[in-house]
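The values are calculated or read from the model by the stated rules, or taken from the named source; none is laboratory data. For clarity, every value in this text was computed on a predicted model and none was experimentally measured. When we count neighbours, we look across all protein chains shown, and the Cβ atoms used for this are built from the backbone with ideal geometry, even at glycine.
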């Protein structure tokens, strides 16, 4: 009234008070019903504006109706002016107090930028404002239409100005809120901003948020897998289920990196039973409990049969095949660490070669329908004993396929998988956490990488296309330079890498974490290969090829395996090396030195005297 009349004369008129008095308690009652007074001012959000607006409109209408009933001398413009004043008084005061109350809690919060000003970014910004750890100060987005606009009170900047933005606003982290972007686009964004020298975190995928497995604020650091992964090709259901649905499936090495993921994929396609064959008690316990809990949550009746045993134990393998009537075998059990097998040659061969021979023969004897050997790119023109042993295992399966058994034998060959126990990534991560140095064997060394789930799905689909003796090769994408991977991992931690090499002395280098070039390991290649020949053929799956590789007649292979067995029994590493050179493996060792620990120790230490029952006195 004062704003409208520019006078206080109305306060002496009783009819004015008769108009206003019923409005006050009814307005308070309306705000109580709308829940306004239950809101905690510190955590009030923009959603409260809706309740405030409804209450204000209700109060203004009530004032207009009351004025009409009492016939009070209130101008028609007053309810409108009253509504605006009430909105500012109730809403403005609360939001102003919210900012005042939050300010002390956010004084120590990290200033961060959110990459992505869409729905996910706005949701993340709202959630973070209620916390004390992060203080969102800006948005970054690739949409030119949003640049220099305000979204949720924050200015939106272009990704091209990110470096200047980080410097000007002293931003400590960038949070990725791009849940709708595919893996290729995410990789491009991460590579674009990883050079800024700050940490990069990402929010969960929208599928995880919707399903309840994660919340918007479950932020995690960007992993190197986010840089290396590629957009997966949709799996073909008919190939995934062909060797699995309604069948008894056995996975050897079920507790390993590939074996355990094979098991996770297999139970999704309703086998009659899944036999987990594993030599490690703890690994077997872990995967069996995980699978059983998963099946209970989905209320699915798949039998899980955890069996302890070694693939070298013929009696145990035959008993398993016979008892459970196994129909499909995925043979993933292997010693795969190159350096360890170089230092323990006989055990590597017994497991990789003779273990494969044992389980493959048992499969053929007991009428297993499909046998799929999980092989490696290191079997191609191998330069180390591990790769040579895996190529020999391939020859064993090829020989059985040529023998005309009822079992369809096939091999699937691929490179490194991200996050496996033998992957370089966990080692780099541990070295970075320890303050460095990060050790890289060569400036130019490259490797292929694939995620474990993608590799496992492709193994299953490849095995379903087998006709007998097939060597399948997975499309691993582009090779990755290991030095670039190490540098990216260091930058993702918000640190600056520098290289220590004989051509670049450490004293001339500056940075936070050193990358030390230590030289190639024994039997290590600069570049891995996937094919021996040059004649790959396409298949029904765009990421799976098949190749015709050299095989060995059964009699010749049997003679080689007999020689190999005798050499292993005698721990004669030199003889083993010669057998591999004679076999059709294209074995190309990098040097003449042998590194088996027992062999080397036996060469440098004089043999101890044999105990004959007589007392032996040392010469004085």
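One residue stands out in segment 417-431 among those that are in contact with a helix residue (DSSP H, G or I) (Cβ under 8 Å, 6 or more places away or on another chain) and either in a helix (DSSP H, G or I) or at pLDDT 85 or above (or both): the one that is surrounded by the fewest Cβ atoms within 10 Å (Cβ to Cβ), namely 429. When the residues of segment 395-416 are filtered to those that are surrounded by fewer than 19 Cβ atoms within 10 Å (Cβ to Cβ) and touching a residue at least 12 places away in the same chain (Cβ under 8 Å), the one that is farthest from residue 555 (Cα to Cα) is 406.
Selection within segment 75-114: residues that are assigned to a loop (DSSP other than H, G, I, E, B) and surrounded by fewer than 17 Cβ atoms within 10 Å (Cβ to Cβ). The member of this set that is modelled with the lowest pLDDT is 107.
Going by the conditions given, is residue 117 outside any helix (DSSP H, G or I), buried (at least 17 other Cβ atoms within 10 Å of the Cβ) and either within 26 Å of the chain's Cα centre (by Cα) or at pLDDT below 85 (or both)? Taking the combined requirement at face value, the residue satisfies it.
Output the residue which, of all residues in segment 582-613 that are within 25 Å of residue 393 (Cβ to Cβ) and either part of a helix (DSSP H, G or I) or at pLDDT below 60 (or both), is nearest to the chain's Cα centre (by Cα). So the residue we want is 597. Among the residues of segment 363-384, those that are more than 30 Å from the chain's Cα centre (by Cα) and in a helix (DSSP H, G or I) comprise 363, 364, 365. So, residue 449, is that one assigned by TED's automatic domain parsing to the domain that holds residue 581, crowded, with 24+ Cβ neighbours inside 10 Å and touching a strand residue (DSSP E or B) at 6+ places or on another chain (Cβ under 7 Å) or not? No. The criterion of being surrounded by 14 or more Cβ atoms within 10 Å (Cβ to Cβ), at pLDDT 90 or above and either under 30 Å from residue 406 (Cβ atoms) or in contact with a helix residue (DSSP H, G or I) (Cβ under 8 Å, 6 or more places away or on another chain) (or both) holds for residue 557. The set of residues in segment 493-526 being within 27 Å of the chain's Cα centre (by Cα), over 24 Å from residue 384 (Cα atoms) and modelled with pLDDT of 80 or more consists of 495, 496, 497, 498, 512, 513, 514, 515.
Here 485, 443 are screened, and the one residue that is assigned to a helix (DSSP H, G or I), in contact with a helix residue (DSSP H, G or I) (Cβ under 7 Å, 6 or more places away or on another chain) and not assigned by TED's automatic domain parsing to the domain that holds residue 396 is 485.
Residue count for segment 296-315, restricted to those that are in contact with a strand residue (DSSP E or B) (Cβ under 8 Å, 6 or more places away or on another chain) and under 28 Å from residue 392 (Cβ atoms): 4.
Residues of segment 198-207 include none that is more than 24 Å from residue 113 (Cα to Cα) and at pLDDT below 80.
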